[in-house]
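Read through the structure below, which is laid out as structure tokens, and then see the notes.
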Amino acid sequence: MSAITYGTAYALPTPRPHASAHTRLRLTRRGRAVIAALVALPLVLAFVLLALNGGGATATSGAEAPVTVTVQAGESLWSLAGSLAPAANPADVVADILAINSLDSASVQPGQILIVPARYAD
């Protein structure tokens, strides 16, 4: 009969101490472009918003309020132009009032408030 022996003929490898893995973050060209775009996006948006805002510029010079006129019953832009600037051509006055108020037509309603160009104000 044969005898079975338990020996240490084949030793198990000794475990190595766990070395911390030093991995580096490697970005591809596309990854760098995406990171750069994400960082630059808020700056570009802020610049565009400031450019569109215009820095808070106002259309009036100084602290004076714009001159307004309230349309009375039976009054038209032509009669209003005649009373505002009797020496000026009424067609020019009506065109200026239409432009400054962003009106599509010369029809006005009683009680409507219109901005008058400064050169026709008293």
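The values are calculated or read from the model by the stated rules, or taken from the named source; none is laboratory data. Just so you know, these numbers come straight off a predicted model, no measurement behind them. All Cβ positions, even for glycine, are placed from backbone atoms using ideal geometry, and neighbour counts span all protein chains on display.
Is it fair to say Ala57 is aliphatic (A, V, I, L, M), part of a loop (DSSP other than H, G, I, E, B), within 30 Å of Arg119 (Cβ to Cβ) and at pLDDT below 80?
It is true that Ala57 is aliphatic (A, V, I, L, M), part of a loop (DSSP other than H, G, I, E, B), within 30 Å of Arg119 (Cβ to Cβ) and at pLDDT below 80.
What are the pairs with Cβ atoms under 6 angstrom where one residue, in region 49-75, is surrounded by 10 or more Cβ atoms within 10 Å (Cβ to Cβ) and the other, located anywhere, is at pLDDT below 85 and assigned to a loop (DSSP other than H, G, I, E, B)? Sequence gap at least six, or different chains.
Filtered contacts from region 49-75: Val67/Ala121.
Taking the condition at pLDDT 90 or above and not aromatic (Phe, Trp, Tyr), does Arg26 pass?
In short, no.
Would you tally the residues in region 100-111 being under 15 Å from Val67 (Cα atoms) and out of contact with any Pro (no Cβ under 8 Å at 6 or more places or on another chain)?
1
Consider region 83-106. How many of its residues are assigned to a helix (DSSP H, G or I), within 17 Å of Ala118 (Cβ to Cβ) and not polar (S, T, N, Q)?
Result for region 83-106: 10.
Determine which member of the set Leu98, Leu103, Leu84 is of a type in the set (A, V, I, L, M) and in contact (Cβ under 8 Å) with a residue 24 or more places away in the chain.
Leu84
Taking only pairs six or more apart or across chains, which ones have beta-carbon atoms under 6 Å, a first residue in region 109-122 that is free of Cβ contacts under 8 Å to residues at least 60 places away in the same chain, and a second residue that is in a loop (DSSP other than H, G, I, E, B)?
Between residues of region 109-122 that are free of Cβ contacts under 8 Å to residues at least 60 places away in the same chain and residues that are in a loop (DSSP other than H, G, I, E, B), the close pairs are Pro110/Val71; Pro110/Ala73; Gln112/Val71; Ile115/Pro66; Val116/Val67; Tyr120/Ala85; Ala121/Val67.
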